[in-house]
Amino acid sequence: MKERLRDLASRGIVIAGLSALGREMKRHEGTLILYGHRVADDDEGYLQGLSPQWLDAQMAYLARHYEVIALSTLVACLEQGRQPPRRSVVVTFDDGFRDNLERALPILERHRIPATVFVVTRSLTTGELPWSERLGVILQTTPVSEFMHPCLGEEPWQFSDERSRHVAYLHFKHALAVMERESRDAILEALAEQLEVLLPDNRMLDWAGARQWLAGGGEVGGHGYSHALLGRVPITEAHAEIRRCKKDLEACLGLERPAFCLPGGSHDTAVLEAVKAQGFRSCFVPNIRKRYNTLMNADPFTLSRVGLPNAPRHHLEAELDGPFHFMRQAYHRLVPSVRV
């Protein structure tokens, strides 16, 4: 129901001309950074993909109404003390799925849009899904109807419907997120065997695909070695993840100062310092109140992003140029005062 209401509201904003009015009235300073993940019509691994048809329409809208720039262009502006281009956009994709190359790149090239893909470097080497997607595929597709595991409590867990499978996924994800990589991998390997699931090994980019992305005018950044949530694992594990990711990118792609993207946005001060110390050029820090990155509110290591909607173009148009963002800002200003 909530999604249906949002769709109707977005469509109404566009049809009524409110987004067109917003484009004329709002003088956006700085750069909006957008991100997506998979480009597909399904939710494999409990990670909803963005339909290629919807992505095409969204990119057409951005190309027509915004100046789309590379992430490195934005970072260079901030490093040099220059204000980024007004009403500009950066497009990014997380994890490094093969569909970014096969489905997204032709769309991006058609609209002359540069984009950055943040890769999980272990996945490029082994072909395996990042750990959270592996977990999702196992619990989403298992033919087993009942299962016992400490992460699911003391009683047998019934995989009776989609909701029960998804709840089990959330329980497991919460437990595995704080583990070191080797322990997490061992549990996932055992789960796949016990739940009779053969995991796919052809969903991720390989290093040749990453080089093809670069040759097509895109940029590649780091997203950790195994997609560990860096703010939740032991700090020694976080350091190893960041260091190995940087080493892989330099050795396999020749990237000396790539951008970095925190898996799941998870971080603390020590993690951010480690990202800087390893020689990455920039990083995103979640901030729901900051939409446009400007010289006044951001530096290369405090960039903020907004997700691409898994929905038709009018959702993106209403989100970027309609009143939704201002309504949320008003709500966030109001709620603290109400709670006091």
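Some observations on this one:
- Dipole of the chain, positive direction: furthest Cα of 210, 69, 270, with charges on the beta-carbon: 69
- Normalised Debye scattering of region 96-143 at q = 0.29 Å⁻¹ gives log10 I(q)/I(0) of -1.03, counting only Cα atoms as equal scatterers and leaving out solvent.
- Surface analysis of the chain yields an accessible area of 47 Å² per residue, using protein heavy atoms and a 1.4 Å probe.
- CD proxy at 222 nm, helix term only [per DSSP H run n ≥ 4: -39500 (n - 2.57); per residue of the chain; nearest 500]: -14500 deg cm²/dmol
- Using a Gaussian network model of the chain in which every pair of alpha carbons under 10 angstrom is joined by a spring, one finds that among 183, 266, 88 the greatest mean-square fluctuation is at 183.
- Vicinal HN-Hα couplings computed from phi for region 127-139 (Karplus, 6.51 cos²θ - 1.76 cosθ + 1.60; Hz; Gly/Pro x): x, 7, 5, x, 4, 5, 6, 4, 4, x, 4, 4, 7
- Gaussian network model of the chain, Cα within-10 Å springs - most flexible of 154, 193, 241: 154
- Solvent-accessible ranking of 189, 162, largest area first, probe 1.4 Å: 189, 162
- Which of 247, 290, 173 is most accessible, then next, and so on - probe 1.4 Å: 247, 173, 290
- Gained length - residue 98 relative to residue 79, 0.36 nm times residue gap less alpha-carbon distance: 3.7 nm
- When the convex hull of its Cα atoms is viewed from all sides, region 42-153 shows a mean projected area of 10.5 nm².
- Portion, in percent, of the accessible area of the chain that falls on carbon or sulfur, probe 1.4 Å: 52 percent
- Here the contact order of region 180-316, divided by its residue count and restricted to Cα pairs under 8 Å and six or more residues apart, works out to 19 percent.
- Compactness of the chain, expressed as Rg and Dmax over alpha-carbon positions, Å: 20.6, 60
- Cut-off under 5 Å, modelled amide H: who pairs with residue 89 long-range: 32, 67, 68, 69
- Spatially close Lys pairs in the chain, defined by Cα atoms under 27 Å apart and a spacing of eight or more places or different chains, total 7.
The values are calculated or read from the model by the stated rules, or taken from the named source; none is laboratory data. The structure displayed is predicted, hence computed values, not measured ones. Positions of Cβ are generated from backbone atoms using ideal geometry, with glycine treated the same way; all protein chains shown enter the neighbour counts. Heavy atoms of the whole protein, side chains included, go into the accessibility calculation; ligands, DNA and RNA do not. Shrake-Rupley method; radii C 1.70, N 1.55, O 1.52, S 1.80 Å.
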